[in-house]
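Here's the structure, in C-alpha cells; my notes come after.
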Amino acid sequence: MTSPDLIPMSEAARRVGVCPETLFRLARSGQFEPAIRIGSRWRVSVPRLERYLHGDARGEIAS
C-alpha cells in the first residue's frame with residue numbers, strides 16, 4: 001500500500017511534462033529532489049513536487 005502523498009515516477013513525469021526516463025535520470029543524479037528512493041523503487045512526494053513545480057524548491061524546474 002502506498003501513501004496518497006507518494007506517486008509513481010510515471011505520474012510525476014506526466015505532471016512535469018517530461019518522459020519518465022528523464023525524471024529517473026534527474027533523480028539518480030540528485031537533480032530532482034521530490035523523488036524518494038524506497039527500496040528499489042522511486043516514488044515522488046506530492047507536496048515536494050508541488051513546491052518544485054512552483055519554484056519554491058532549490059534549483060530550477062526541469063525542462
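Descending by average beta-carbon neighbour count within 10 Å, the peptides 30-42, 7-19 line up as 7-19, 30-42, the highest first.
Charge tally for residue 8 (other residues, Cβ to Cβ under 15 Å; Lys, Arg +1; Asp, Glu -1): +3. What shape does the stretch 6-53 take by its C-alpha gyration tensor, where a ≥ b ≥ c are the square roots of the eigenvalues and a/c under 1.5 counts as rounded, a/b above b/c as prolate, and the rest as oblate? Note, shape of the stretch 6-53 comes out rounded.
Inter-label distance, residue 21 to residue 53: 2.4 nm, where each label sits 7 Å from its Cα along the C-beta direction.
Read-outs: derived from the displayed coordinates by stated rules, not from any lab. It should be emphasised that the depicted structure is a prediction, and the values quoted were computed from it without experimental measurement. Counting neighbours? That spans all protein chains shown, and the Cβs are built from the backbone with ideal geometry, glycine included.
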